[in-house]
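Visitor: There's a structure below that I have some questions on.
Every read-out reported here was derived from the displayed coordinates using simple, explicitly stated rules and does not represent laboratory data. Because the structure is predicted, anything quoted here is derived from the model rather than measured. Here the Cβ is made from the backbone with ideal geometry for all residues, glycine too, and neighbour counts use every protein chain on show.
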Amino acid sequence: MPQTEATEAPVIRGATGAPVTEATPSIRLRWWTELPLILLVYGAYSAGRLLARGDTSSAVDHGLAILRIEKALSLNAEHPLNRLFTREPWIGIPADFLYASLHYLVTPVLLVWLFRSRTVRYRAARTWLMTSTFIGLIGFTLLPTCPPRLLDPSYGFVDTMAHYSSWGWWGGEASAPRGLGGMTNQYAAMPSLHVGWALWCGVILWRFGGGSRLVRTAAVVYPLVTTIVVMGTANHYFLDAVAGAAVMGAGLLLTPLVLRIVDQCRVSLGLGAVADGRFGGEVADRFGGEVADRFDGGHGDQVDGVGPRRGEWRDRGRVEEPVEEPVEEPVTPVAVASPGSVSPIVSGGCQTSPGERIPRQRITEPEPGATPSEAGDGAPATAR
């Protein structure tokens, strides 16, 4: 019988690199577990900002040190932008609204969109955002920094949020609603997570937004506008914005490590590993269909406008499970011997030519004049 070469199916691996088997089942992400997780992390981040309040004098010293460094580097974008925003209300008021709102709206909206439409990418993107935010919290704790708006007026900065506070819901404590200024850390300027989160949003839109010109324009404009706004409103220095971008870069580099640690903890606790596409698409591009099916209904993932759209991951790269087919026993039909021929004793159905022998087969000839009943083994039987 012809032999067929067995083909091994690709192995789906989790973030740890270990294969996801029945012993380590993959876990589907659910909104009722993701939402509390995000709220818990954001609550811990907000509480950490409050607890990270340092001495005011040291925060002012750090702010002045940043100004001196920027002066030495001939970087002075804050002063002209702040004067422009203060002098032109048609620029300053919309900028204050952008600062007080988009930071808290665009990022959650993109997280929800990723979860529903780009499920394979969601977990890595969410982990990147959370890891970077945690790094920023470390920066607030180790380096409390006074923002430009809280420096002595002799340094030439105007708090535009306080200047235009009658137009919005905020007071004199940055973007905090009136009466809630005590619930925010006024000296958490370094790094700027307004810029960091905006950069995250821009990368997500550029990478997974479908590749249209409008989406890619928004992906570039949003981080740039946010950087201009945080400096023009005197909430951050230029180096704060640079540090915010650096924090996001560090978080991106640490994301694979964080995913591996989390999956190892899940496996050790018997909770199972999560099979997901790593950021950049290494796993998802190879085994997109199988990985996507382990998540929210196999929603597709289109990268840079090229590739499968929603629902098409099911047919691309699907790993078919081997199906065992029953082995049929060969059926041997009975051969009819022709009279006068010598037929070896074999099972019916074997096609043999006259005179052909099977090894170790005994052939006997009938005695001359013998009757058919006296014929030996191997003699043809009487036709019936």
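Visitor: So between VAL220 and LYS71, what do we pick up on full extension, going 0.36 nm a residue minus the alpha carbon distance?
Guide: Residue separation times 0.36 nm, minus the Cα-Cα distance, leaves 50.9 nm.
Visitor: Going by how many other beta carbons lie within 10 Å of each one, how would you line up THR226, THR217, fewest first?
Guide: Neighbour counts put them in this order, fewest first: THR217, THR226.
Visitor: I've got another one for you. Assuming R0 = 51 Å, what is the FRET efficiency of LEU84 and ILE261, from their Cβ-Cβ distance, to the nearest 0.05?
Guide: 0.65
Visitor: Ok, one more. If I model a spin label as a point 7 Å beyond the Cα along the Cα-Cβ vector, how far apart are those points for ALA250 and ILE138 in nm?
Guide: So the label points at ALA250 and ILE138 sit 0.5 nm apart.
Visitor: What order, most packed first, do the peptides 233-241, 105-113, 160-168, 197-205 have when packing is the mean number of other Cβ atoms within 10 Å of each residue?
Guide: The densest-packed peptide leads the list: 233-241, 197-205, 160-168, 105-113.
Visitor: Here's a follow-up. Fewest first, what order do VAL247, VAL60 take by the number of other Cβ atoms within 10 Å?
Guide: VAL60, VAL247
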